[in-house]
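**Q** To start, I am sharing the structure in question, which I have written as structure tokens.
The values are calculated or read from the model by the stated rules, or taken from the named source; none is laboratory data. The structure presented is a predicted model; accordingly, all values stated were derived computationally and were not measured. When we count neighbours, we look across all protein chains shown, and the Cβ atoms used for this are built from the backbone with ideal geometry, even at glycine.
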Amino acid sequence: MPDGYQIKNQNAPHFLTFQVVGWADIFTGKIYRDIVIDSFNYCIQHKGLKLHAYVIMSNHVHCIASTALNLSDIVRDFKKFTSKTILQTLETTTESRKEWLQMIFRYHAKYNKKVNDYQLWTHENHAIELTDNKIMDSKLDYIHQNPVRAGIVENQADYLYSSAGNYQGINRLLPIDAIY
């Protein structure tokens, strides 16, 4: 992992990206997006995660997060749990793309000694420490504009799987610790 993407200051807010291997569009299914939401919620309630912003796209998740504890540990646990739960759910659902998705996840696991049968997430988190307001504003805007740039919604606050609404006074799926 490049040194620049490591979480060095475990308590500082970081912009993080969790990418699905092969850019597979697993999060087009609500059931899989909800696993991510439930896991974020668990980490907020039980692990001390402060979620400042997030967006769940079809094949990746962006967030700004911090903690008073150890951010790397929370990220590790989040990715491990969501991976296991999503892969188990995929196994038991009638997902029309089940075999195709499993093929992608199996293919990527083949090249990773730390993974057995399937790999959901890439190992990188592309962690960027947010050291000043200019960087923070830029990443917050980037997260919230992601569904607009993708053509999913015209107004960023209309995307349910994002914290953009929270910043406009609309309660969304997750509580956030607003940056401002």
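**Q** When ASN59 is evaluated against the numbered criteria (1) out of contact with any helix residue (DSSP H, G or I) (no Cβ under 7 Å at 6 or more places or on another chain); (2) free of Cβ contacts under 8 Å to residues at least 60 places away in the same chain; (3) closer than 19 Å to PRO147 by Cα; (4) not aliphatic (A, V, I, L, M), which criterion, by number, is the only one it fails?
**A** (1)
**Q** Here's something else I'd like to know. Looking at region 159-180 only, could you name the residues that are within 14 Å of ASP141 (Cα to Cα), free of Cβ contacts under 8 Å to residues at least 60 places away in the same chain and surrounded by fewer than 18 Cβ atoms within 10 Å (Cβ to Cβ)?
**A** Those that are within 14 Å of ASP141 (Cα to Cα), free of Cβ contacts under 8 Å to residues at least 60 places away in the same chain and surrounded by fewer than 18 Cβ atoms within 10 Å (Cβ to Cβ): GLN168, TYR180.
**Q** Give ASP77, ASP34, ASP38 a once-over and let me know the one that is closer than 21 Å to ASN116 by Cβ and not aromatic (Phe, Trp, Tyr). First the steps, then the outcome.
**A** Details: ASP34 fails: closer than 21 Å to ASN116 by Cβ; ASP38 fails: closer than 21 Å to ASN116 by Cβ.
Testing whether each residue is closer than 21 Å to ASN116 by Cβ and not aromatic (Phe, Trp, Tyr) leaves just ASP77.
**Q** Let me ask you something else. I need the full set of residues from region 148-158 which are without any contact (Cβ under 8 Å) to a residue 24 or more places away in the chain, out of contact with any Gly (no Cβ under 7 Å at 6 or more places or on another chain) and among the small types (Gly, Ala, Ser), in order please.
**A** Initially, region 148-158 is screened for residues without any contact (Cβ under 8 Å) to a residue 24 or more places away in the chain, giving 148-149, 151-158.
Okay, now just the ones that are also out of contact with any Gly (no Cβ under 7 Å at 6 or more places or on another chain), so 148-149, 151-156, 158.
Residue satisfying the conditions is GLY151 alone.
**Q** Have a look at HIS52, HIS14 and point out the one that is surrounded by 15 or more Cβ atoms within 10 Å (Cβ to Cβ) and within 20 Å of LEU160 (Cβ to Cβ). Break it down stepwise before answering.
**A** Numbers: HIS14 fails: within 20 Å of LEU160 (Cβ to Cβ).
On inspection, the qualifying residue turns out to be HIS52.
**Q** Go through (1) closer than 25 Å to HIS52 by Cα; (2) in contact (Cβ under 8 Å) with a residue 40 or more places away in the chain; (3) of a type outside the set (A, V, I, L, M) and name the single condition GLU95 misses.
**A** Condition not satisfied by GLU95: (1).
**Q** Let me ask you something else. From the list LYS47, LYS79, which one is within 17 Å of HIS126 (Cα to Cα) and not hydroxyl-bearing (Ser, Thr, Tyr)? Write out each step before concluding.
**A** Numbers: LYS47 fails: within 17 Å of HIS126 (Cα to Cα).
After ruling out the rest, the residue left standing is LYS79.
**Q** Hand me the list of helices (runs of 4 or more DSSP H) wholly inside region 65-180 holding 3 or more residues that are farther than 30 Å from GLN6 by Cβ and either at pLDDT below 95 or over 19 Å from the mean Cα position of the chain (by Cα) (or both). If you could, list the steps in order and put the result at the bottom.
**A** Values: elements: 71-92, 98-110, 133-149.
Where helices (runs of 4 or more DSSP H) fall fully within region 65-180 and carry at least 3 residues being farther than 30 Å from GLN6 by Cβ and either at pLDDT below 95 or over 19 Å from the mean Cα position of the chain (by Cα) (or both), they are 98-110.
**Q** I'd like the residue in region 69-112 that is hydroxyl-bearing (Ser, Thr, Tyr) and surrounded by 13 or more Cβ atoms within 10 Å (Cβ to Cβ) and, out of all such residues, is nearest to VAL36 (Cα to Cα).
**A** Kept after step one, since they are hydroxyl-bearing (Ser, Thr, Tyr), are these residues of region 69-112: 72, 82-83, 85, 89, 92-94, 96, 107, 111.
Among the residues that remain, those that are also surrounded by 13 or more Cβ atoms within 10 Å (Cβ to Cβ) are: 72, 82-83, 85, 89, 107.
Details: SER72: 17, THR82: 6, SER83: 9, THR85: 9, THR89: 12, TYR107: 23 Å.
Filtering region 69-112 for residues that are hydroxyl-bearing (Ser, Thr, Tyr) and surrounded by 13 or more Cβ atoms within 10 Å (Cβ to Cβ), the one nearest to VAL36 (Cα to Cα) comes out as THR82.
**Q** Tally time: how many residues in region 99-154 are among the acidic types (Asp, Glu) and closer than 30 Å to LYS8 by Cα?
**A** In the first step, residues of region 99-154 are kept if they are among the acidic types (Asp, Glu); the result is 99, 117, 124, 129, 132, 137, 141, 154.
Filter once more, keeping what is closer than 30 Å to LYS8 by Cα: 124, 129, 132, 137, 141.
Number satisfying all stated conditions: 5.
**Q** Those residues that are touching a residue at least 12 places away in the same chain (Cβ under 8 Å) and among the charged types (D, E, K, R), I need them from region 98-116; list them, please.
**A** ARG106 - this is the single residue of region 98-116 that is touching a residue at least 12 places away in the same chain (Cβ under 8 Å) and among the charged types (D, E, K, R).
**Q** Which one of ALA68, ALA24 is within 21 Å of ILE176 (Cβ to Cβ) and of a type in the set (Gly, Ala, Ser)? Spell out how you get there, then give the answer.
**A** Numbers: ALA24 fails: within 21 Å of ILE176 (Cβ to Cβ).
ALA68 is the lone residue from the list that is within 21 Å of ILE176 (Cβ to Cβ) and of a type in the set (Gly, Ala, Ser).
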